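What follows is a set of notes on a single structure, which appears directly below.
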Amino acid sequence: MSWTHRERILAAVNHEVPDRVPIDFGGAEFTSITLPAYENLKKLLGVTEETRVMSIIHSVAHPAEEILQRFDVDTRNVMPGRYSGDRDRWVDENTYVDIFDVLWKRTEKDVDQHFLHKDGPFYDGKLTIDAIEAYDWPDGKNAGLAEGVPERVEEIRRNGDHAICLYLPGGFIHRGYAMRGFEAYLKDLYKNPEALCRLMDKLCDFWVDTAETVIDAAGPGNIDIVYFGEDLGTQDGCMFDPEGIYARHMKPRHRRMVEAVKSRTKAKVCFHCCGSAYQFIDHLIDIGVDVLNPVQVTAAKMEPERLKAEFGDRIAFWGGINTQRILPFGTPEEVSAETRRVIGILGEGGGYILNSVHNIQPEVPPENVVAMFEAGLNHRYAEQPL
């Protein structure tokens with residue numbers, strides 16, 4: 001049997017065994033590579049194509065088609081277009097104001113030069129429902145969000161049967177604490193939940209409207225994976241009480257987002273959650289999430305063996321190659337061995353898509369990037385009956 005890229009991805013997500021492990025690179029904003037690491041990879045591979053930036057805020061590249069073909073990558077990325085109007089602006093080359101009036105500053109001393117949010121419309125004083133209602137909210141039905149989406153889908157379809165991954169940025173946690181301030185957001189969960197829930201609802205409204213706008217522009221039958229999410233865990237545990245704060249205030253809104261996608265398309269939903277996602281996985285499965293990313297294997301209770309044994313028949317895994325030690329500091333041989341090990345655990349019986357834990361960071365040698373993807377490219381499952 002000859003497998004297409006799309007068939008390979010969907011088989012894994014459906015807990016079936018394809019011919020080899022599916023490979024993703026740049027299918028979403030958090031499964032790509034930082035700009036400094038990308039320039040090193042281009043140099044090693046002799047790629048001269050001008051770098052396309054996938055996200056300025058997160059300092060990541062859109063991998064060139066030449067590189068995607070080099071590693072036989074199974075995914076291709078679609079993202080919303082640029083919001084139409086004058087809501088976002090550059091103050092200077094290191095300062096950006098987004099469509100939610102959040103001010104972002106470049107971390108100039110860091111090699112990867114990420115941006116951090118420094119101010120927002122609700123930073124000062126007590127958060128009130130009146131202030132939330134009075135705010136001039138961006139429109140998730142804005143025509144600019146659909147711009148270029150049909151053309152990108154057609155380009156992907158024209159160049160091969162790849163799995164189309166629609167990345168929908170934002171959410172009500174990440175955007176919420178960017179607008180409110182991280183510390184104040186966390187305090188409001190306990191001291192001012194009514195107002196914070198109204199803020200979360202407004203952000204959820206925008207996300208759902210955006211999802212519907214972009215899915216309709218792409219053509220619902222053309223989307224294979226919808227990728228979104230926000231961090232719920234830290235390296236050592238949970239950012240929110242899973243059975244209290246999360247279950248009461250956040251889970252219903254995440255359910256609404258998943259249901260908005262699944263009411264419009266048959267696409268599978270991949271949820272991105274850094275850190276220790278362990279105590280949230282049952283909740284994510286319950287609301288209809290099909291795949292977990294980035295599978296931060298060095299965080300608490302995130303060992304591949306534990307995850308596969310407890311959840312492997314109910315959710316697929318996407319990521320899992322250690323970016324905290326193995327990729328930046330291992331040898332190519334160690335990277336290859338670790339990649340084969342993770343495939344052997346998370347990929348047993350299907351249910352695994354190969355990618356690094358979050359974006360490949362600046363300190364990762366390009367030889368190690370090649371070693372990871374080539375280990376996946378050379379992988380073969382036992383032959384399956386036709």
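What follows is calculated from the coordinates using simple rules that are stated; it is not laboratory data. Note that this is a predicted model, so its numbers are computed, not measured. Virtual Cβ from ideal backbone geometry, glycine too; neighbours counted across all protein chains shown.
Rounded to the nearest 10 degrees, the angle from helix 366-377 to the longest Cα principal axis of the chain is 70 degrees. Tell me which lysines have Cα within less than 16 Å of LYS202's Cα, excluding those fewer than 8 residues away on the same chain? Partners found: LYS141, LYS251.
Applying both filters, DSSP loop and at most 12 other Cβ atoms within 10 Å, to the trypsin sites (Lys or Arg not before Pro) of the stretch 313-385 gives ARG325, ARG380. Our coupling estimate for the stretch 44-52, obtained by passing each phi through the Karplus curve with A = 6.51, B = -1.76, C = 1.60 and θ = phi - 60°, is 4, 8, x, 8, 10, 4, 4, 5, 9 Hz, Gly and Pro reported as x.
The Rg/Rh ratio of the stretch 130-194, with Rg taken over Cα atoms and Rh as the Kirkwood radius over Cα pairs, comes to 1.18. Were the residues from ASP72 through ILE56 laid out at 0.36 nm apart, the gain over their Cα-Cα distance would be 3.1 nm. To the nearest ten degrees, helix 251-262 and the longest principal axis of the Cα atoms of the chain are 60 degrees apart.
Our coupling estimate for the stretch 307-316, obtained by passing each phi through the Karplus curve with A = 6.51, B = -1.76, C = 1.60 and θ = phi - 60°, is 4, 5, 5, 8, 10, x, 8, 10, 8, 8 Hz, Gly and Pro reported as x. Among VAL21, VAL13, VAL53, the residue with the largest mean-square fluctuation in a Gaussian network model of the chain, with springs joining Cα atoms closer than 10 Å, is VAL53. Taken about its Cα centre, the chain carries a charge dipole of roughly 460 debye when the Cβ of each Lys and Arg holds +1 and the Cβ of each Asp and Glu holds -1. Computed from Cα positions, the angle between helix 193-218 and the longest principal axis of the chain comes to roughly 50 degrees. For the chain, the equivalent ellipsoid built from the Cα gyration tensor has semi-axes of 32, 23, 22 Å, listed from largest to smallest. Annotation: amide H-H contacts under 5 Å for ASP161 (H modelled 1.01 Å from N, sequence separation of 5 or more, or interchain): HIS5.
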